[in-house]
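What follows is a short report on a single structure.
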Amino acid sequence: MEAELQEEEISLLDLLLIAAGEIKLLILGPLVVGLLALGVGYTLPQSFTSQAILALPNPAQATTMLVSPIVLDPVIESLKLSKGQSIQLARVELANQIKATVGKDGLLRFDVNANTALEAQVLANAVIDSWLKSTIPSEQDRADLDQRLTHAKAALASVRRLQERLSAQGPADFGKPLSRGDAGAGIVIVADLQARYFGEVLSIPRTLRGLSRDVVKQPPTLPTQPVSPKKSLIAILATLG
């Protein structure tokens, strides 16, 4: 009986010793891993975000255009971002640094990440300028718009003359007598045509010029604090893992 008790005591002692060793491992192991992860976090490059806000007539379309080759390729060439790699790889890397979202207020939030604050701001301005330049119509589009503008100006002049005649003369002065209702409807139709052509005369020149820098309501900021990597979060997640 005493021998059995001694064996049980020895077994219990062995278990306690094993548990003590495991507890040390469970405590010291995560601490070591966390410290190593924290050290790795300090070796990772920092990232800064430059932010801008734009007011656009079609912000959803702009979010796609901002990361399109027609916008990114001139930026890559002007800032020499390819660094010996192909234009396709450089374009993918640059697109990954850009984030464009449309808020509930209809404004476009434009964020650009880079390793330094100044680099992020310069890159954001370069992308915006390249995109604004892409809104200028091509030669063929300009020719078509010029033709539309000429037609709209001529049509607007004709409609104005017709409106003046309707206002100055009576319904019977147009060859066939018109009822008061027909004359009123004619004046409404002429007014609608005038508004349409007048709108084209105003909008087509703006389209020919492309969008201006006035759409940038908040120019790209110069960030003062890095946004990543989050060293403490990396260490905590590594410790928990």
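For the reader, a short list of remarks on this structure follows.
- Backbone HN-Hα couplings from phi across the stretch 114-119 [Karplus 6.51/-1.76/1.60, Hz, Gly and Pro as x]: 7, 6, 10, 5, 5, 4
- A simple packing score, the average count of other Cβ atoms within 10 Å per residue, orders the peptides 118-128, 96-106 as 118-128, 96-106, with the highest score first.
- Computed from phi, the 3J(HN,Hα) profile of the stretch 200-210 under the Karplus parametrisation 6.51, -1.76, 1.60 (θ = phi - 60°) reads 5, 4, 7, 7, 4, x, 5, 5, 5, 7, x Hz, with x in place of Gly and Pro.
- Here the simple spin-label model places points 7 Å from the Cα toward Cβ, and for Ala157 and Gln88 these points are separated by 5.4 nm.
- Global geometry of the stretch 127-166, whether rounded, prolate or oblate, following the gyration tensor of its Cα atoms and the 1.5 cut on a/c: oblate
- Sites Leu79 and Ile136 - FRET efficiency at Förster radius 22 Å, r taken between beta-carbons, to 0.05: 0.60
A short reminder: the numbers here are calculations on the coordinates, not readings from a lab. The structure presented is a predicted model; accordingly, all values stated were derived computationally and were not measured. Backbone-built Cβ (ideal geometry, glycine too); neighbour counts: all protein chains shown.
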